[in-house]
Amino acid sequence: MEITVTGPRSGKPMHITDFLTYLGFVFALGTILMILHTPVDIYRESKQAKWPSVTATITQLAVRKIHQWKIGQRLAYRFRGAIYG
């Protein structure tokens, strides 16, 4: 049994082997791009890991509708033993 797909430009039938070859090429190209992008992600995340961090606590949260939805919040965080917010 032979399955044929019409090619978009030539109008000639595209055999399933041609289609699978094309599909394999697209997947291979995507894989190569992901492999090349991985070192960029590693570099960005290593830079971000060096940022200072802080833990914040939500002390109050309100959602209300006055003409449009508004979300209000109050945060508190501790820095060098003192609580801010």
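Below are the figures for this structure:
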| read-out | value |
| --- | --- |
| Single residue of ILE42, ILE35 found to be outside any strand (DSSP E or B), surrounded by fewer than 10 Cβ atoms within 10 Å (Cβ to Cβ) and aliphatic (A, V, I, L, M) | ILE35 |
| Residue satisfying all of: in region 47-85; outside any strand (DSSP E or B) and of a type in the set (Lys, Arg); surrounded by the most Cβ atoms within 10 Å (Cβ to Cβ) among these | LYS47 |
| Residue match in region 41-62 (condition: aliphatic (A, V, I, L, M), within 29 Å of the chain's Cα centre (by Cα) and at pLDDT 85 or above) | yes |
| THR21 within 20 Å of the chain's Cα centre (by Cα), of a type in the set (S, T, N, Q), modelled with pLDDT of 75 or more and surrounded by 10 or more Cβ atoms within 10 Å (Cβ to Cβ) | no |
| Criterion: in contact with a strand residue (DSSP E or B) (Cβ under 9 Å, 6 or more places away or on another chain) and hydroxyl-bearing (Ser, Thr, Tyr) - qualifying residue of THR31, THR57 | THR57 |
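The values are calculated or read from the model by the stated rules, or taken from the named source; none is laboratory data. No experiment lies behind these values; they were computed from the predicted model shown. Don't worry about glycine lacking a Cβ; one is built from the backbone with ideal geometry, like all the others, and counts go over all protein chains shown.
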